[in-house]
Amino acid sequence: MDRKFAILGDIHSNLDALNVVLDDCRAQGVTDFLCTGDVVGYNACPAECLKIVRELGCPVVMGNHDHYVSSSQNLGDFNPVAAEVIRWTRGKLSQEELDYLSGLPFVVTSMGITLVHATMDCPEAFGYVFDHLQAEANFIHQVTPLCFHGHTHCPMIYEKQVSAVYRIDAQDFKLPIGRKYFINVGSVGQPRDGDPRAAYAVWDPKTRQVSFRRLEYDVAAAQARIRAAGLPERLAERLAIGR
Ligand code: ZN
């Protein structure tokens, strides 16, 4: 059977968004999953989302929130809203779940595809890639023709030709052979590109087509869970605007 990959990331404990994305994956005939990290953080269902991701049995890389939640990292320098949710999330996970998160690798290469949360240029530093210069630093370290990532929560394609790097707006795209691609799949659970719909990508190796999927989900339900958990109101508000 031909394989079809779904690449999911920045789920961030948003169960309502994750369920809609997984339904869409089934409808798209996805056979394999890859996860670019940040399963937890920001939203109110960390244990539920982690359980689902683990049941997929797929490669998962370490996101910065996965790392902070599962380490004893001092949160003093952190954005206070992010720090509050990280502390709250620590209390919602079992020791076994925290151990699972702390053991996630920073980089996985599977079937010729690389996964990293932020960038191959020092993956454990979680730098942000917003432009072609930052993408250039990634390509120095990217060995495979194709690498998927997340972290900015904004879907994007970076293309490396012989000596130049181009930024291409996320769109369904047939990847030419002979170039390298560093593709941001966007965020399932907290999109920040102004579009509140859940985002993920599908990769069909046979047609070389990458498709950026956007799905409406029950934002009000996710907001209600944030409020019921007593998490910062700002986290509920931003889901509605995708910022
Ligand atoms: Zn994230």
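Derivation of every value follows stated rules applied to the coordinates shown; laboratory data play no part. Computed from a predicted structure; not experimentally measured. Counting neighbours? That spans all protein chains shown, and the Cβs are built from the backbone with ideal geometry, glycine included.
Worth pointing out:
- Shape descriptor for segment 5-241: Rg over Rh equals 0.95 (Cα atoms; Rh from the Kirkwood inverse mean 1/r).
- Enclosing the Cα atoms of segment 53-161 in their convex hull gives a volume equal to 119 cubic angstrom per residue.
- Farthest positive-ward along the chain dipole, Cα basis, beta-carbon charges - from ALA199, ILE140, GLN161: GLN161
- With Cα atoms, 0 to 90° folded angle of helix 219-228 axis to the chain main axis: 40
- Relative to the dominant Cα principal axis of the chain, helix 15-27 is inclined by about 30°.
- Using a Förster distance of 30 Å, the FRET efficiency for SER71-HIS132 (Cβ separation, nearest 0.05): 0.40
- Rounded to 5, the percent of DSSP beta bridges in the chain classed as antiparallel: 70
- Student exercise, segment 106-201 dipole from Lys, Arg, Asp, Glu Cβ charges, in Debye to nearest 20: 200
- Applying 0.36 nm per residue to the separation of THR109 and LEU56 and subtracting their alpha-carbon distance, the gain on full extension is 17.4 nm.
- Each part reduced to its alpha carbon centroid, segment 155-222 and segment 1-43 end up 13 Å apart.
- Note on the chain: with charges restricted to the Cβ of Lys and Arg (+1) and Asp and Glu (-1), its dipole about the Cα centre is near 360 debye.
- Residue (of TRP88, GLY57, ALA229) at the positive-pole extreme of segment 5-241, dipole from beta-carbon charges: GLY57
- Measuring between alpha carbons in the structure, the pairs from LYS174/LYS206; LYS51/LYS206; LYS4/LYS51 lying more than 21 angstrom apart are LYS51/LYS206; LYS4/LYS51.
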